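Since every read-out is calculated from the coordinates, none of them should be taken as a lab result. The model shown is predicted, which means the values in this text are computed figures rather than measured ones. We place every Cβ from the backbone using ideal geometry, glycine too, and count neighbours over all the protein chains shown.
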Amino acid sequence: MNKLKVLLFLFLIISVGFYLFYSEGSLPVNKKSTESKIFMIKPGEPLDTIVNNLNNEELIRNKIVFYLIVKKLGLERKIQAGEFKLSQNMDGNEIANSLTHGTTDTWLTLIEGMRKEEMAQIISKTLEIPEIEIKSKTKEGYIFPDTYQVPKNASADIVLSIIKNNNKFKEAFQNIKKQTKLTEKEVVILASLVEREARLPTTREKIAGIILKRYKADWPLQIDATVQYILGYQPSEKSWWKKSLTEDDLKIESVFNTYRHPGLPPEPICSPSLSSIEAVINANSNTPYWYYITDGNGVMHYAVTLEEHEANVAKYLQ
């Protein structure tokens, strides 16, 4: 009987202790505070990171208690990415619930290798900006692919300004003059070709070297993606990039057709990734290869001579 009383007493002590611990940890950090701060959650950020960041920003009293609050309220999967206006006068429950709604910004993800029309569709769907506005206010190749945090009610001008001021791309462009004799426009055009031709990031620099070598030798680049760009949207495939080109397609007359005209197309054919731009900047045009193909599994095969190239075509594409 005495043992049972001891156990009950210990249980009571633990319960009271936990209640006090939980209650104190749920309180505002400073309920008299009149200031607020912007707290940011990145897409895909785990709960542990969010809790640690809240603690570092001194917005919660206790990390363990806040974690328990989120679990208790079932909010773990409801927390959104974005910016939140929080204050030290908010208790743990208010902070937790605030992270599930009321973001001041939204996330815009633009994918590399897309042409202007495709980028405009994504922006329009995310921010309800008419596609025509995006297409009329930007140039092909310069809607830099990345994930951006933008105001929910942003205009086309604001969105394009945010994209234009992407520091990663600005830094890459600054390296153009330091590392290559190519102009910025040449780099972006070449990078757009590399983006569509190189299936894997590991092959981009080698492909860039071959394309650059052919360009400097004034050879026709013979890049299928330029013909796909000319042909535009394919209703039957629901794609802007025709999957299989015919002999007639390759003969189509256009300044973008790199089978008929040597040199670069007059403009980029898509928005290249940062890695494709860097691949062009770092490309070695002294590569021994003149030709390349991609087989059905996405594997690249290179050739020094036309005979080797034709053998690769016969072996891997027929």
Calculated diffusion of segment 175-279, Stokes-Einstein form, Kirkwood radius summed over Cα pairs, 25 °C and 0.890 mPa s, µm²/s:
174 µm²/s
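Sort Val150, Val304 by Cβ crowding within 10 Å, fewest neighbours at the top.
Val304, Val150
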Fewest-first ranking of Ile281, Ile230, using other Cβ atoms within 10 Å as the exposure measure:
Ile230, Ile281
If you find the alpha carbon centre of segment 230-279 and of segment 36-72, how far apart are they in angstrom?
47 Å
Which three extents, in whole angstrom, do the alpha-carbon atoms of segment 233-318 cover along their principal axes, largest first?
39, 34, 27
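So which GluC sites (Glu not before Pro) in segment 232-318 end up in coil per DSSP with only 11 or fewer other C-beta atoms within 10 Å?
Details: sites: Glu237, Glu247, Glu253, Glu278, Glu307, Glu308, Glu310; in loops: Glu237, Glu253.
When the GluC sites (Glu not before Pro) of segment 232-318 are filtered for loop state and at most 11 Cβ neighbours within 10 Å, Glu237, Glu253 remain.
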Roughly what angle does helix 204-216 make with the longest principal axis of the chain, taking Cα atoms, 0 to 90 degrees, to the nearest 10?
30 degrees
Percent of C-alpha pairs per 20 Å bin, the chain, short to long:
25, 39, 23, 10, 2
